[in-house]
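Q: First, the structure itself, so that you have it in front of you.
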Amino acid sequence: MEVLDVLGAFMPQLLLVLFALALPALDYLFKDKRVLAFATLAPLVGYALALVSWTVGGYWEPPTDGVSPHLIEIDMFSGLFALAFVSVGIIVVLSSPEFIRGERNQGEYYALILLAVTGMTVVAMSTDLIILFVGLEIAGIASFALSGFSKGEKRSAEAATKYFIVGGFSSALTLFAISLFYGVAGTTEIAALGPEMSAMLSAVDGTRSVAVMATVMLIAGLGFKIAAVPFHMWAPDVYEGAPTPISGLLAAASKKMGVAALFKIFLIGIIATKSDWDVALGAMAILTMTVGNVIAVVQTNIKRMLAYSSIAQAGYILIVLPIGTDYAVAGGLFHVVTHAFMKSGAFMVVAALVVRGVGESIDDYRGLAKRSPLLALAMTLFLLSLAGIPPLAGFASKFVLFSSAVDAALVPGQSWLIWLAVAGVLNSALSLYYYARVIKRMYMEKGSDDKVSVPRMAGTAILFASVMTVLLGVYFDAVFDLCQQAAAALFGT
Amino acid sequence: MLENVPVLSLTILLPLVGALVTFTLGKRESMAKWVALAFSAAAFLLSLAVAFEFVVDPYSAAPGELDGYSNGYQFYESHVWIESLGINYIVGVDGISLPLFVLTTLLCMLSIIFSWDTDHRPKEYFGLMLILEVGVLGVFVALDYFMFYVFWEIVLIPMYLMIGIWGGPNKDYAAIKFFIYTHIASLAMLIAIMAMYFEAGLRTFSIEAIAEVSVDFSSGLQLAIFAAMFFGFGVKLPMVPFHTWLPDAHVEAPTAGSVLLAGLLLKMGGYGLIRVAIPSLPSGAEDMVFVMAAIAVASILYGAILCLAQADLKKMVAYSSISHMGFVLLGYATLGELGVVAGVFQMFAHGLVTAVLFMMCGVVQHKCGTRMIPLLGGLASRMPVAATLMTVGFLASLGLPGLVSFAAEFMVFAAMFFKWGMWIFLPITAVAVTAAYYLWALQRSMFGPMTNRIETSHVRDVDWYEGVPVAVLIVLIAVFGVFPALVFSRIGPAVEIALRAFGGG
């Protein structure tokens, strides 16, 4: 019966995969390709509803017992991440039909999106390094193919190649780290890594270097996944070259998969060795947000600007690791959720405008407020939210995130953590400069007089994202409560 | 009459609804000003009702006599907002916030009337003004740190857009400088708020509740938090040397934007210091007394001297704001009841007076096409009403006895004399400088011979929508100049409460 139990726990993933397999066939059956989008939405929406009724409503409990060997854990932590991934999936799929109209292989396109989401949810559920790696690979390979979907375009092909090479490299590093962990601890179970790792790190002989190597390899491997500085160089090229809805998927969801993996390994697995890596990760967090924001300032292409902005956002989330309190984790999770909506929303506005023939250069956004008041308003909301201006979602989550650094810094001996908060708020102020520049283009400058209509399906996606961006800023009690439960679940308290 | 009515929330809500209506007017753009006026007038009437129902000295009233009264705040409302973080929706007014609350609704309404001829994107213009009103009103009544910060930041966006869309030639630079400069200051305040929240450990953002604990924080921590807050509020005030955003923003902003910026936004800084920073962190404030006093005196003197050098009428008025807001800080720095009351009253007075000054700058710009003092001259014969209004405004601003600023500045000097004795000769020299730059500017622009450097044949006198708001303000300047006790009597008891931690002030 064990097999059935495991299958039961994997039920949503199996469902997603089933639809993914069916989609290419549907592609042959239907002339109207929008059917494919709806066939993709069906399992995603179903999964989302199930997750909401469990996490928010508490109407049912997922099957958690009897899954053995202990490879996955379905708890509030994985549920919240899955909810974020699936929401981004829904937004991306909704925006796609108009964007890829007339392209070939649309069935595969949607199937790959489903597979990518599947992989991400597996990472969030995993309690074992091997399963975690499998999830990373499922999502990774699907994303490589998706970035190259615009086959006629040189940029897209370049993006896919680059992403594939870098992604393969980072997977290799991660796998190497996992094998070292196995060598050190004799197990791949994340929760069991701690004792052996700390014993080895305090050893004086050569074994210490193995443990150090494992940690460094892991930081590098997952650092590539979340595009943390100095492992970020691939991100802007890939985000720029990939089809815009896919850029949204990569920035708002794929990256968060890396965050889930980092949280799991660092905060469960090797939290015992925190004093060995907290300063390094703190420095990396500050470096990541600063480099991301500084380079974003000089971008002229909106997708590249958003790419650098998501590098910076990853830096904000990284501060959770050196802080390591459950309040910080709750803040990090909250930021994952809000970022999922505001960043994917921003990319979908870009996608909707591309569909209507508006370019990707920031200068193309001149006078947009006159041409399409609704899209300009939505973009303004997303950008201000990304900058952390109240009362929008990005402010609420940054507030918790940065305040967790202040909280931890008040503990004697940890006062250096205050610099994470200071760096965070200074970077937020800096980011305001380039976000405001886009708003300025849209509202204060004159552009062409042609009206831009809102594509219907993409408009629905953007509406959904903007409603969430406002709602999570004005009233976030329920969601933050979930984040706290998820953080508690992560620490097993 | 107002029992069980959430009148403060309604006052905040009205402009918000008005803004939404204004934005969604569609093609009926000419309706925008009427809608905005209706909603801002309704908000003004509500705030007047609050002012008249306000119990002057609630602290001596018997318990149970006052509805919606808590800890000295009246019209108190409290609802849970974000339970998991201890964030509440708490509003209330006391004698410190009441004058500023009424000032806000008044100035917003008058600014809307003053902008009656705006025809460039009127929907956005009037809508943004109402959003700005929501933010400022929220700041003055919020009693929860989170709420306070949210409203504080909401103010930035409409002002950024107002400068950026309806501003002068150099608006891009001024708008982004204003936005980022004041945003950085807010973030310093934000970190201070976070530190207070966690150190208090009460799991609530209630300003009152945290203040009860924060007075006992260690003096080092108090100093650190106070310094961060002082920076956050001081930039808004603005204080030398963090004042440079102000002249840029003012010169480029449209007239109504300048009125709201100087009349209300600067007050947010002064209000924050006395609502939050000083009562909550007494030891921090005491440690910083000399820094505050030095910066205040520097602002007063430096602002005044810079005024002498300005050729642009509006820039001169902008620098005069720096000088006059320095009095607020100087009053606070005495940390005594007299000085703090005077500081709060100075905010109220400056709000009335500076609105007149900026409106008159707008009139000159409008009618003559320039504000450069050397190009003007002898305008009084062309625009006698404008010249009269401007003269009264300038006299009020330089502290003529009988007008509102005199009472405030005199009390600041008195408070400083009691505390530091002869040092008052430093700020008092500014009074002479102030009189000099105002009278000199008045003489060169309005009186004296016609210069004929600009075409003056087409120059008309003020229009009704410009004259009426200024006239209303001038009446108020005179009324409160003769009867300052109308406001003092309300500020006094509240300040006494605010300074409890200083051992009776």
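Q: Just one of the numbered conditions (1) in a helix (DSSP H, G or I); (2) in contact (Cβ under 8 Å) with a residue 60 or more places away in the chain is not true of A:Val467; which one?
A: So A:Val467 meets the others, but not (2).
Q: Check B:Phe198 against each of (1) free of Cβ contacts under 8 Å to residues at least 40 places away in the same chain; (2) under 19 Å from B:Met325 (Cα atoms) and name the one condition it does not meet.
A: Failed condition: (2).
Q: Quick one: would you say B:Val251 is modelled with pLDDT under 95 and either assigned by TED's automatic domain parsing to the domain that holds B:Ala209 or of a type outside the set (A, V, I, L, M, F, W, C) (or both)?
A: Here the answer is yes, as B:Val251 does meet what is asked.
Q: Can you find, within region A:368-412, the residue that is surrounded by the fewest Cβ atoms within 10 Å (Cβ to Cβ) among those that are facing chain B (nearest Cβ under 9 Å), of a type in the set (A, V, I, L, M, F, W, C) and outside any helix (DSSP H, G or I)?
A: Per the stated criteria, the residue is A:Leu410.
Q: Moving on to the next point. Among B:Val340, B:Val328, which is the only one that is over 20 Å from B:Thr354 (Cα atoms) and either among the hydroxyl-bearing types (Ser, Thr, Tyr) or part of a helix (DSSP H, G or I) (or both)?
A: B:Val340
Q: I'd like to know if region B:230-239 contains one or more residues that are of a type in the set (A, V, I, L, M, F, W, C) and within 13 Å of another protein chain (Cβ to nearest Cβ).
A: Yes, there is a match, as at least one residue in region B:230-239 is of a type in the set (A, V, I, L, M, F, W, C) and within 13 Å of another protein chain (Cβ to nearest Cβ).
Q: Suppose we filter B:Glu212, B:Glu199 for residues that are closer than 22 Å to B:Val340 by Cα and either assigned to a helix (DSSP H, G or I) or not assigned by TED's automatic domain parsing to the domain that holds B:Thr104 (or both); which single one remains?
A: On the way: B:Glu199 fails: closer than 22 Å to B:Val340 by Cα.
After ruling out the rest, the residue left standing is B:Glu212.
Q: Is one or more of the residues making up region A:426-442 more than 28 Å from B:Asp172 (Cα to Cα), of a type in the set (Phe, Trp, Tyr) and either surrounded by fewer than 24 Cβ atoms within 10 Å (Cβ to Cβ) or within 8 Å of chain B (Cβ to nearest Cβ) (or both)?
A: Among the residues of region A:426-442, not one is more than 28 Å from B:Asp172 (Cα to Cα), of a type in the set (Phe, Trp, Tyr) and either surrounded by fewer than 24 Cβ atoms within 10 Å (Cβ to Cβ) or within 8 Å of chain B (Cβ to nearest Cβ) (or both), which makes the answer no.
Q: Ok, one more. Please determine whether any residue of region B:201-224 is acidic (Asp, Glu) and either under 27 Å from A:Leu368 (Cα atoms) or within 11 Å of another protein chain (Cβ to nearest Cβ) (or both).
A: no
Q: Assess whether A:Phe85 counts as being surrounded by 24 or more Cβ atoms within 10 Å (Cβ to Cβ) and farther than 21 Å from A:Gly241 by Cβ. If you could, list the steps in order and put the result at the bottom.
A: Details: surrounded by 24 or more Cβ atoms within 10 Å (Cβ to Cβ): yes; farther than 21 Å from A:Gly241 by Cβ: yes.
Judged against the criteria, A:Phe85 is a match.
Q: Inspect all residues belonging to region B:365-381 and state whether any of them is under 15 Å from B:Thr434 (Cα atoms), assigned by TED's automatic domain parsing to the domain that holds B:Ala435 and part of a helix (DSSP H, G or I).
A: Looking for residues that are under 15 Å from B:Thr434 (Cα atoms), assigned by TED's automatic domain parsing to the domain that holds B:Ala435 and part of a helix (DSSP H, G or I), one finds none in region B:365-381, hence no.
Q: Next up: Output the helices (runs of 4 or more DSSP H) that fall wholly within region B:261-310 and possess 3 or more residues being within 20 Å of the chain's Cα centre (by Cα), or say none.
A: Where helices (runs of 4 or more DSSP H) fall fully within region B:261-310 and carry at least 3 residues being within 20 Å of the chain's Cα centre (by Cα), they are B:266-272, B:289-308.
Q: While we're looking at this one, here's another question. Polar (S, T, N, Q) and free of Cβ contacts under 8 Å to residues at least 40 places away in the same chain - does that describe any residue in region A:351-364?
A: no
Q: Among the residues that make up region B:168-187, is at least one of them over 24 Å from the mean Cα position of the chain (by Cα), within 21 Å of A:Gln414 (Cβ to Cβ) and outside any helix (DSSP H, G or I)?
A: No, because not a single residue in region B:168-187 is over 24 Å from the mean Cα position of the chain (by Cα), within 21 Å of A:Gln414 (Cβ to Cβ) and outside any helix (DSSP H, G or I).
Q: List, please: which pairs have Cβ atoms under 6 Å, are six or more places apart or on different chains, and start with a residue in region B:133-158 that is closer than 15 Å to B:Gly86 by Cα and within 11 Å of chain A (Cβ to nearest Cβ) and end with one that is among the small types (Gly, Ala, Ser) and crowded, with 24+ Cβ neighbours inside 10 Å?
A: Qualifying pairs under 6 Å: B:Phe148/B:Ala142.
Q: State all residues of region B:144-198 that are among the basic types (Lys, Arg) and under 30 Å from A:Ser404 (Cα atoms); if no residue qualifies, say none. Explain how you work it out, then say what you get.
A: Let us first name the residues in region B:144-198 that are among the basic types (Lys, Arg), namely B:171, B:177.
Hit for region B:144-198 is B:Lys177, nothing else.
Q: Is it fair to say A:Gly102 is of a type outside the set (Lys, Arg) and assigned to a loop (DSSP other than H, G, I, E, B)?
A: For A:Gly102, the condition - of a type outside the set (Lys, Arg) and assigned to a loop (DSSP other than H, G, I, E, B) - is met.
Q: Step by step: first the residues of region B:173-185, then only those that are among the hydroxyl-bearing types (Ser, Thr, Tyr) and surrounded by fewer than 24 Cβ atoms within 10 Å (Cβ to Cβ), then the one that is nearest to the other protein chains (Cβ to nearest Cβ). Which residue is that?
A: B:Tyr181
Q: For region A:413-425, how many residues are at the interface with another protein chain (Cβ under 10 Å from one of its Cβ atoms) and either assigned to a loop (DSSP other than H, G, I, E, B) or not small (Gly, Ala, Ser) (or both)?
A: Matching residues across region A:413-425 total 3.
Q: Please pick out the residue among B:Val291, B:Val297 that is under 17 Å from B:Ala342 (Cα atoms) and not small (Gly, Ala, Ser).
A: After ruling out the rest, the residue left standing is B:Val297.
Q: Scan B:Leu486, B:Leu442 and give me the residue that is free of Cβ contacts under 8 Å to residues at least 60 places away in the same chain, in a helix (DSSP H, G or I) and within 21 Å of the chain's Cα centre (by Cα). Write out each step before concluding.
A: Values: B:Leu442 fails: within 21 Å of the chain's Cα centre (by Cα).
Residue meeting the stated conditions: B:Leu486.
The values are calculated or read from the model by the stated rules, or taken from the named source; none is laboratory data. Everything numeric in this text was worked out from a predicted model, so none of it was measured. All Cβ positions, even for glycine, are placed from backbone atoms using ideal geometry, and neighbour counts span all protein chains on display.
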